[in-house]
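Enquirer: Below is a structure I'd like to ask you about.
The values are calculated or read from the model by the stated rules, or taken from the named source; none is laboratory data. Since we're looking at a predicted model, the values are computed, not measured. Neighbour counts run over all protein chains shown; Cβ positions are idealised from the backbone, glycine included.
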Amino acid sequence: MLQGKKIVLGITGSIAAYKSCLIIRQLIKKGAEVQVVITPAGKEFITPITLSALTSKPVISEFFAQRDGTWHSHVDLGLWADAMLIAPATASTIGKMANGVADNMLITTYLSMKAPVFIAPAMDLDMYAHPSTQQNLKTLQSYGNHIIEPGTGFLASKLEGKGRMEEPENIVACLEQFFSQQGSMKGKKVLITAGPTYEKIDPVRFIGNYSSGKMGFALANECANRGAQVELVCGPVSALMQTKSPHIHRIDVESAQEMFEVCKELYPSMDSAILCAAVADFAPETTAKQKIKRTGDDMVIRLKPNPDIAASLGQMKQKGQTLVGFALETNDEESNAQAKLKKKNFDFIVLNSLKDEGAGFRTDTNKITIITAESKKEYPLKSKEEVAKDIVDELERL
Ligand code: CTP
């Protein structure tokens, strides 16, 4: 899996820097080529001589490195690499990465990186648990970077680790798993809907819901990582929700009607659609042109039904196309999900129950059951990134 892969290994100023020697040894044993980029603080913990002996390459550390004909610049490194791994990644480096503070060679390399980026944080528990660090990690993850943390499995998002760096063999296993799946969906086109929809009442008010869009974005990243071309149609999600994969084309919409128009247009040229958006079932019959004033009386808003995007695509579905839906239920979960599967002509439906803690809206985790016409498979509580892998695995199996 790692044979011939070119890995840029970023090392920062943490006591765990000594473990990067073990990472290098394992990567090289598995046939990878490793180029180390080290921060000035990193050099306080491990010497470039050791690292260059292990990698058989000069270590890059200076911001304005002397050009030696082979390693020109951070831009070249960004193009050369098949993956970038930052291990150990300190709170400082994570903060600089999240905010684009390009004051050393490692950060400039990160900002120029075209390949997927893996980050293995290493710091003490208090620094790790600080909201600044947590926010920076979330920001980096929402940009499609992979956070590798102990105890939470591959590409975790459940930010409850202890700050200790994941063990070298697990870090290397993450890279191997990533490369083993890369390209498995090459040539496939996938439509993904994500987030809530807003239905306007007047110029300043709307009917919406608590969907964050995280599940849909995780699905988009997962499909893109596997080489698919993704059309990500998203309702109003937070400005933090960003993607950087060249395989993801994002289309922002606001209302269910707008989402419907875009999806109808796109679906005929797609191989699959995953309908993850929490689409409002109703919209105000009329939208007031001016802000509605308080009159002292009761206020009544009459609602009209929105188009059912899933059911429409289900009707349009051709042989060879697949359609995946979600169901968020509070009661009679399985029978409701089964009914939706049939009614909307889904190939499978991903069921979330609001009875399960950590599942559904506004969480970083999810607990799902995948239901097809013939089968039912329950999964444990996982990060949304890991849940996305399970869903895309199921899609690929079809
Ligand atoms: N969906 C959709 N368009 C809608 C409503 C829902 O595409 N107008 C999709 C969702 O993205 C999801 C699936 O349909 O994949 C199920 O959504 P849900 O709201 O649970 O289903 P409804 O048909 O609205 O059923 P309910 O009566 O439970 O609200």
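Enquirer: Being in the same structural domain as GLN135 (by TED's automatic domain parsing), at pLDDT 95 or above, in contact with a helix residue (DSSP H, G or I) (Cβ under 7 Å, 6 or more places away or on another chain) and on the phi > 0 side of the Ramachandran plot, is that true of even one residue in segment 84-104?
Expert: Yes; the residues of segment 84-104 include at least one that is in the same structural domain as GLN135 (by TED's automatic domain parsing), at pLDDT 95 or above, in contact with a helix residue (DSSP H, G or I) (Cβ under 7 Å, 6 or more places away or on another chain) and on the phi > 0 side of the Ramachandran plot.
Enquirer: Right, something else. Kindly evaluate ILE309 against the criterion of being over 22 Å from ALA194 (Cβ atoms) and either within 11 Å of the ligand (Cβ to nearest atom) or surrounded by fewer than 18 Cβ atoms within 10 Å (Cβ to Cβ) (or both).
Expert: Criteria not met by ILE309.
Enquirer: Pick out the one residue from SER269, SER245 that is surrounded by fewer than 16 Cβ atoms within 10 Å (Cβ to Cβ), among the hydroxyl-bearing types (Ser, Thr, Tyr) and under 30 Å from LYS114 (Cβ atoms).
Expert: SER269
Enquirer: I've got another one for you. If ALA339 passes every condition in (1) more than 8 Å from the ligand (Cβ to nearest atom); (2) among the aliphatic types (A, V, I, L, M); (3) in contact (Cβ under 8 Å) with a residue 12 or more places away in the chain but one, which one does it miss?
Expert: All conditions are met except number (3).
Enquirer: Run MET241 past the list (1) of a type in the set (A, V, I, L, M, F, W, C); (2) touching a Pro at 6+ places or on another chain (Cβ under 8 Å); (3) more than 16 Å from the ligand (Cβ to nearest atom) and report the number of the one that doesn't hold.
Expert: It is condition (2) that MET241 fails.
Residue-by-condition table, conditions (1) under 30 Å from GLU176 (Cα atoms); (2) more than 14 Å from the ligand (Cβ to nearest atom); (3) outside the structural domain of ALA83 (by TED's automatic domain parsing); (4) not aliphatic (A, V, I, L, M):
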position: PHE217; (1), (2), (3), (4): yes, yes, yes, yes
position: VAL237; (1), (2), (3), (4): no, yes, yes, no
position: HIS249; (1), (2), (3), (4): yes, yes, yes, yes
position: GLU265; (1), (2), (3), (4): no, yes, yes, yes
position: ASP281; (1), (2), (3), (4): no, no, yes, yes
position: ASP297; (1), (2), (3), (4): no, yes, yes, yes
position: LYS304; (1), (2), (3), (4): no, no, yes, yes
position: LYS317; (1), (2), (3), (4): no, no, yes, yes
